[in-house]
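Asks: Questions regarding the structure given below will be posed in turn.
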Amino acid sequence: MDRKIWLMSPAVFLLLCFCVVPLFIMVYYSFLSDGTGGHWTVQNYMDFFQKDIYLKLTWKTVKMSFYVTVISLLISYPMAYVMVSIIQGGKNMLLMAIIIPFWTSQLVRAYSWQNLLRDGGLLEIGLRKLHLIGSGPLGLMFTSTAVIIAMVHIFFPYMVITIYMSLEKVDGALVEASKSLKAGPLTTFRRIVLPLSKPGIISGCILVFVPSLGVFVEPRILGGTQGTVIGTVIEDQFFEIYGWNFGAAVSFILLAIILLSMAVLSRFAKEEA
Amino acid sequence: MLKKGIGWTYAALVMLFLYAPILVLMAMSFNASKYNALPFEFSMRWYRELAGNDKLIDATLTSVYIAAGTAVICVVLATMLMLWAVRTNSKLKRWIDSLVILPLTIPWLILGLSLLLLVSAAGIDKNFMVLLIGHVVVSLPYAVLVIKARLQSMDLTINEASASLGANEWTTVRRITLPLLFPAMLAGGFLAFVISFDNFILSYFLIPGGSSTLPIEIYSSIKFGFTPEINAVSTVMLTATTLLIVLIATIMRSSLKFFLK
């Protein structure tokens, strides 16, 4: 076979032993009754599916990720459109400016919203100056809304980039052709530009929706008692309650949800293509 | 004209949303008040206290060591892997491509805890070796993608030219491929450094008792009570990583594509 196979073996060995094998160990733990010992059981999964609270939290996590994705799309699409069609000079600078925060600490960026969102914070002061709110406290901090705002802030930059890439590829001649056939700007957008930018929209949605399902830091910092999601349930099992086997089962369920939603979204992309 | 105005205004608003929280955090690190209270009063107090906070400095050093180790290992592994990938037409290649991006699709929360379970199944204590390996696993895909982007934009016939001039394979790699690849290796290394330095979740699961990294310190002081130096240390952290990212982008200007998976 390949003489140079030793070149790739360290990386492959590392990924197999420390990424693939641990996932199987996680599945193994999820079927044990007590730590590394005990007996084989499906009780951990039964616990999850029989208790309303966990199903509710799962639904809440999915719903929250969905909101984050939709809001990100509503922000990102116009932004990418503006960057492709209106802004001429300094496009690369603007792209850089959008992507730089994406690579900085998520933890710090989540925390940075505290200054703005808390009662008596800058947002409250600003809104009051504009007479948009009364004298009561803002009441945004430690709510699901605060978590969603921060998550949009953290995840949307990538979506701008993927949509930008697909919009850039739209052939200007098609747009001209549509215009010359007397289509209005809205029709041209709906029938030409939007369908052609669908791959960018879908990969952007995957890049926002999938990581949103697995968050736990943002809800912890900004969500208070409303900030319980699947991710925080898993964290609790490992750090507070020491229910490792149940935690492993919930993690496996989360992983299944993630793989399922990736499959559905990319299937959607293929159908459109 | 009107269209242009609306477009620029919209772009400016998005930038405001993106940067306002970060800039406010940075400004607050210079605010004298202990509770981020307004009105703003300029002070360097938190930076002075930061300089005297041994716990935070120790944690920062730990983070730097781990990130540096991660960067070096990632560059070596990624370069070797790509030198193989570029020369082979093995059927394995497709599998290995998916294996390399696997850590990007699994949430770090799940990767972290599955490594913790690995440690417990092996019956050993949490240690820095496993922590470092965890950081390498999550940073490796990025280093690979950067180096791959460079290799794809490189003219590979130059390797054949070298071979036809009688250079053996090792000489070609050493004198032609590696020097051309060097900027990407540098950029990939810096990127791996940044990913590891910022990484909270894996460290949180795998850190040995009694030790700590900078993100862990930041998280615990946010969670368990307010430490005003956190604004200052976050500002330092954001500035440092931003500078590194700008540096990476400058090195890789020719293929900005690498930012995209």
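The values are calculated or read from the model by the stated rules, or taken from the named source; none is laboratory data. Because the structure is predicted, anything quoted here is derived from the model rather than measured. Neighbour counts run over all protein chains shown; Cβ positions are idealised from the backbone, glycine included.
Asks: If we only count helices (runs of 4 or more DSSP H) wholly inside the stretch A:118-237, which ones have 3 or more residues that are away from chain B (no Cβ under 12 Å) and among the aliphatic types (A, V, I, L, M)?
Replies: A:144-168, A:172-180, A:198-213
Asks: Residues being within 10 Å of chain A (Cβ to nearest Cβ), in a loop (DSSP other than H, G, I, E, B) and either at negative phi or free of Cβ contacts under 8 Å to residues at least 12 places away in the same chain (or both): count how many of those fall in the stretch B:1-53.
Replies: Matching residues across the stretch B:1-53 total 3.
Asks: Next up: Go through B:Val136, B:Val130 for me and flag whichever is surrounded by fewer than 24 Cβ atoms within 10 Å (Cβ to Cβ), within 12 Å of chain A (Cβ to nearest Cβ) and under 15 Å from A:Leu16 (Cα atoms).
Replies: B:Val130
Asks: (1) in contact with a helix residue (DSSP H, G or I) (Cβ under 8 Å, 6 or more places away or on another chain); (2) closer than 22 Å to B:Ile222 by Cα; (3) not acidic (Asp, Glu): which one isn't true of B:Ile96, the others all being true?
Replies: (2)
Asks: Do we have B:Ile96 as touching a residue at least 12 places away in the same chain (Cβ under 8 Å), closer than 30 Å to B:Asn127 by Cβ and away from chain A (no Cβ under 14 Å) here?
Replies: Values: touching a residue at least 12 places away in the same chain (Cβ under 8 Å): yes; closer than 30 Å to B:Asn127 by Cβ: yes; away from chain A (no Cβ under 14 Å): no.
Taking the combined requirement at face value, the residue does not satisfy it.
Asks: Moving on. Let me confirm something: among A:Ser76, A:Ser72, which residue is closer than 23 Å to A:Ile163 by Cα, hydroxyl-bearing (Ser, Thr, Tyr), facing chain B (nearest Cβ under 9 Å) and in a helix (DSSP H, G or I)?
Replies: A:Ser76
Asks: OK, next. Of all residues in the stretch A:21-52, which are hydroxyl-bearing (Ser, Thr, Tyr) and either within 28 Å of B:Gly134 (Cβ to Cβ) or in contact (Cβ under 8 Å) with a residue 60 or more places away in the chain (or both)?
Replies: Of everything in the stretch A:21-52, those that are hydroxyl-bearing (Ser, Thr, Tyr) and either within 28 Å of B:Gly134 (Cβ to Cβ) or in contact (Cβ under 8 Å) with a residue 60 or more places away in the chain (or both) turn out to be A:Tyr28, A:Tyr29, A:Ser30, A:Ser33, A:Thr36, A:Tyr45.
Asks: Somewhere in the stretch B:234-244, is a residue farther than 25 Å from B:Arg48 by Cα, modelled with pLDDT of 90 or more and either surrounded by fewer than 21 Cβ atoms within 10 Å (Cβ to Cβ) or of a type in the set (A, V, I, L, M) (or both)? If you could, list the steps in order and put the result at the bottom.
Replies: Of the stretch B:234-244, the ones farther than 25 Å from B:Arg48 by Cα are none.
Looking for residues that are farther than 25 Å from B:Arg48 by Cα, modelled with pLDDT of 90 or more and either surrounded by fewer than 21 Cβ atoms within 10 Å (Cβ to Cβ) or of a type in the set (A, V, I, L, M) (or both), one finds none in the stretch B:234-244, hence no.
Asks: Can you tell me which residue within the stretch B:213-226, out of those that are surrounded by fewer than 20 Cβ atoms within 10 Å (Cβ to Cβ) and outside any helix (DSSP H, G or I), is farthest from the other protein chains (Cβ to nearest Cβ)?
Replies: Per the criteria, the residue is B:Gly225.
Asks: Going by the conditions given, is B:Arg87 within 10 Å of another protein chain (Cβ to nearest Cβ), over 17 Å from the mean Cα position of the chain (by Cα) and surrounded by fewer than 22 Cβ atoms within 10 Å (Cβ to Cβ)?
Replies: Against the criterion (within 10 Å of another protein chain (Cβ to nearest Cβ), over 17 Å from the mean Cα position of the chain (by Cα) and surrounded by fewer than 22 Cβ atoms within 10 Å (Cβ to Cβ)), B:Arg87 qualifies.
Asks: Conditions first: (1) touching a Leu at 6+ places or on another chain (Cβ under 6 Å); (2) in a loop (DSSP other than H, G, I, E, B). B:Gly209 passes all but one, so which condition is the exception?
Replies: For B:Gly209, the failing item is (1).
Asks: Can you tell me which residue within the stretch A:242-273, out of those that are outside any helix (DSSP H, G or I) and in contact with a helix residue (DSSP H, G or I) (Cβ under 8 Å, 6 or more places away or on another chain), is surrounded by the fewest Cβ atoms within 10 Å (Cβ to Cβ)?
Replies: If we take residues in the stretch A:242-273 being outside any helix (DSSP H, G or I) and in contact with a helix residue (DSSP H, G or I) (Cβ under 8 Å, 6 or more places away or on another chain), then A:Ala273 is surrounded by the fewest Cβ atoms within 10 Å (Cβ to Cβ).
Asks: So, one more: Can A:Ser76 be described as polar (S, T, N, Q) and over 20 Å from the mean Cα position of the chain (by Cα)? Lay out the reasoning, then the answer.
Replies: Details: polar (S, T, N, Q): yes; over 20 Å from the mean Cα position of the chain (by Cα): no.
It is false that A:Ser76 is polar (S, T, N, Q) and over 20 Å from the mean Cα position of the chain (by Cα).
Asks: Sticking with this one: Return a yes/no flag: does the stretch B:180-189 have any residue that is within 11 Å of chain A (Cβ to nearest Cβ) and either at pLDDT below 85 or assigned to a helix (DSSP H, G or I) (or both).
Replies: No: the stretch B:180-189 contains no residue that is within 11 Å of chain A (Cβ to nearest Cβ) and either at pLDDT below 85 or assigned to a helix (DSSP H, G or I) (or both).
Asks: So, A:Pro101, is that one touching a residue at least 24 places away in the same chain (Cβ under 8 Å), surrounded by 21 or more Cβ atoms within 10 Å (Cβ to Cβ), within 25 Å of the chain's Cα centre (by Cα) and part of a helix (DSSP H, G or I) or not?
Replies: yes
Asks: While we're here: Name, by its number, the condition in (1) hydroxyl-bearing (Ser, Thr, Tyr); (2) within 9 Å of another protein chain (Cβ to nearest Cβ); (3) within 25 Å of the chain's Cα centre (by Cα) that does not hold for A:Ser85.
Replies: Here A:Ser85 clears every test but (3).
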